[in-house]
C-alpha cells in the first residue's frame, strides 16, 4: 500500500475471499450518497441529548476550562507541579 492510499482503497479479505467485516463497513460508509449521509445524520440527531444552557454571563470556553477551586496564583500552581515532577 502506498502512503497516499486511503483506508477505503484497500480491501482485506477473509480466507473465503470475501471482504472482512471492517472493510465492508468502511466501504458502506464511504459509499453513501449525500442524501444518505443527511438521512443518517438526521436519524442520529433524533436520539442526541440536548445540551444544558450556559450559565448567565459564561461562555462555552469558561465552562470547559473551568477555574481552580482555590485562590492560588498560576505561579503557585506551576511551583506545586514542579515539586511533584
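Here is how the numbers come out for the structure above:
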{"read-out": "Restricting the range 1-29 to residues that are assigned to a helix (DSSP H, G or I) and modelled with pLDDT under 80, the residue that is nearest to residue 40 (Cα to Cα)", "value": "8"}
{"read-out": "Number of the condition not met by residue 42 [criteria: (1) within 30 Å of residue 29 (Cβ to Cβ); (2) outside any helix (DSSP H, G or I); (3) modelled with pLDDT of 90 or more]", "value": "(2)"}
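The values are calculated or read from the model by the stated rules, or taken from the named source; none is laboratory data. Owing to the predicted nature of the structure, the values given are computational and were not obtained by experimental measurement. Glycine gets a Cβ as well: all are built from the backbone with ideal geometry, and neighbour counts include every protein chain shown.
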